[in-house]
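*Asks:* There's a structure below that I have some questions on.
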């Protein structure tokens with residue numbers, strides 16, 4: 001189902017194209033699903049499911065200035081898509097893994113948008129406050145839970161094209177708002193000590209350990225320094241406070257005299273490392289604003305080539321991915337991360353190359 005609207009005003013200087021769509025895709029090719037070894041194979045590709053996509057697309061083109069020698073065109077594109085896995089057919093209600101890493105996975109799950117990030121979350125008490133052990137280390141829950149959606153809330157493009165006689169300049173900005181990434185690249189850097197974040201608590205822990213040594217290594221020693229990112233916003237684990245559902249009710253606040261500082265090695269290399277299971281702590285917002293393209297071209301005056309067999313000569317230079325104006329991710333360009341093109345499985349950032357800028361030169365000859 002698709003509805004479109006096409007409006008033209010002021011002799012074509014203001015145009016609006018609007019489209020609403022709703023479509024269902026059936027029997028998509030889904031990643032390898034496990035088979036009994038007795039079949040002689042361990043997995044198979046399957047066709048299954050019903051995925052619905054609905055949304056709107058808007059294209060607004062304007063010409064604020066148009067004269068004999070100078071023209072300015074400004075175009076806006078806006079797209080908002082909402083996907084929904086209606087069902088997975090014969091595969092039942094179990095989510096289908098479409099991408100995975102040591103921290104978590106992305107799945108197709110009935111009743112959810114296509115591409116949900118799943119992993120372990122931090123244990124919280126009845127008030128939603130993080131619970132930490134006596135060592136200051138937070139606790140992760142067992143099993144996979146839905147953490148975030150990959151799909152952006154909306155995307156947009158703004159493009160300006162200006163021309164003066166034979167000279168033309170084009171500038172394009174791309175915007176993506178919302179959506180999330182499971183940033184496995186972060187704990188890779190943290191556990192190896194390559195990130196700024198991995199410095200948190202290092203000096204304080206060393207000073208605390210020196211004080212503990214000077215005190216003769218008392219058995220009841222509580223560290224006086226270390227990783228403090230959970231100090232002040234967590235409670236200390238106390239199983240005696242668990243309710244019938246096994247959820248801790250209240251608890252002693254992790255602050256002041258009760259502050260529990262964590263060993264940086266246990267936090268960055270263990271709990272918050274790749275294999276620590278704290279996927280929730282490594283979910284990042286995938287929003288960005290990028291200067292996608294700048295192009296500058298010049299068309300030689302006709303008088304210069306009048307005595308040649310050429311009708312026109314145009315020289316241009318084009319730059320792509322020139323400037324990541326804004327991002328919410330810590331270490332990488334959210335526009336460039338791991339994806340599986342066959343299933344649309346995006347949302348896991350792992351061992352990325354830096355995004356690259358490119359500059360090209362063109363010579364266009366018309367005979």
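The numbers here are math on the coordinates, done by the rules we state, and not lab data. Bear in mind the structure is a predicted one, so any value in this text is a computation, not a measurement. Ideal geometry is used to build each Cβ from the backbone, glycine not excepted, and the neighbour counts take in all protein chains shown.
*Asks:* At 7 Å along Cα-to-Cβ for each site, give me the label-to-label distance between residue 326 and residue 312 in nm.
*Replies:* 3.7
*Asks:* How high is the relative contact order of the chain, in percent, with contacts defined as C-alpha pairs under 8 Å that are six or more residues apart? Could the numbers behind the result be given before it?
*Replies:* On the way: 898 pairs, mean separation 55.7, N = 367.
It rounds to 15 percent for the chain.
*Asks:* Would you calculate the convex hull of the Cα atoms in the chain and tell me its volume per residue in Å³?
*Replies:* Here the figure is 245 Å³ per residue.
*Asks:* Still on this structure, please answer the following. Using the 10 angstrom Cβ neighbour count as an exposure proxy, how do 308, 19 rank, fewest first?
*Replies:* By the 10 Å Cβ count, ascending: 308, 19.
*Asks:* With just the Cα atoms defining each centre, how far is region 49-80 from region 193-233? Give it in Å.
*Replies:* Answer, in whole Å: 55.
*Asks:* Okay, moving on. With a cut-off of 13 Å, note down the residues of region 108-130 whose backbone N falls inside the zone around a label point 7 Å from the Cα of residue 146 toward its beta carbon.
*Replies:* Hits in region 108-130 for residue 146 at 13 Å: 108-119.
*Asks:* Relative contact order for region 225-329 using alpha-carbon pairs under 8 Å, separation at least 6, rounded to a whole percent?
*Replies:* Working: 127 pairs, mean separation 23.9, N = 105.
It comes to 23 percent, rounded to a whole number.
*Asks:* Now a separate question. When ranked by the protection proxy of mean other Cβ atoms within 10 Å per residue, highest first, what sequence do the peptides 355-365, 136-146, 64-74, 159-169 form? Don't skip to the answer; put the middle values down first.
*Replies:* Working: 355-365: 10.5, 136-146: 16.5, 64-74: 12.0, 159-169: 14.5.
Descending packing order for the listed peptides: 136-146, 159-169, 64-74, 355-365.
*Asks:* Which semi-axis lengths, in whole Å and largest first, follow from the square roots of five times the eigenvalues of the Cα gyration tensor of region 129-177? It would help to have the intermediate numbers written out before the result.
*Replies:* Numbers: eigenvalues 536, 39, 10 Å².
One finds semi-axes of 52, 14, 7 Å for region 129-177.
*Asks:* Also: Go ahead and estimate [θ] at 222 nm for the chain from helices alone: -39,500 (n - 2.57) per DSSP H run with n ≥ 4, summed, over the residue count, rounded to 500. Please report the intermediate quantities before stating the final value.
*Replies:* Numbers: 2 runs with 20 residues, N = 367.
Calculated from helices alone, the mean residue ellipticity at 222 nm is -1500 deg cm²/dmol.
*Asks:* If you don't mind, there's one more thing I want to ask. So if we plug the beta-carbon distance of residue 24 and residue 203 into 1/(1 + (r/R0)^6) with R0 = 45 Å, what FRET efficiency do we get, rounded to 0.05? Could the numbers behind the result be given before it?
*Replies:* Numbers: r = 57 Å, r/R0 = 1.27.
Rounded to the nearest 0.05, the efficiency is 0.20.
*Asks:* Order 7-18, 93-104 from most to least packed using the mean count of other Cβ atoms within 10 Å. Don't skip to the end; give the middle numbers.
*Replies:* Working: 7-18: 12.3, 93-104: 18.9.
Put in order of decreasing packing, that is 93-104, 7-18.
*Asks:* At 37 °C and 0.692 mPa s, grab the translational diffusion coefficient of region 82-142 from Stokes-Einstein with a Kirkwood Rh over Cα pairs, rounded to a whole number in µm² per second. Spell out each step's value before the answer.
*Replies:* Details: Rh = 13.7 Å.
Answer, rounded: 240 µm²/s.
*Asks:* Could you calculate the contour length gain from residue 76 to residue 135, that is, 0.36 nm times the residue separation minus the distance between their Cα atoms, to one decimal place in nm? If you can, show how the numbers build up before the last one.
*Replies:* Values: separation 59, 0.36 × 59 = 21.24 nm, distance 5.34 nm.
Between residue 76 and residue 135, full extension yields an extra 15.9 nm.
*Asks:* Evaluate region 112-209: find the radius of gyration of its Cα atoms, find its Kirkwood radius, and give the ratio Rg to Rh. Don't jump to the answer; show the numbers that get you there.
*Replies:* Values: Rg = 22.4 Å, Rh = 18.5 Å.
My calculation puts Rg/Rh at 1.21.
*Asks:* Once both labels are modelled 7 Å past Cα along the beta-carbon direction, what's the residue 219-residue 54 spacing in nm?
*Replies:* Result: 6.6 nm between the two label points.
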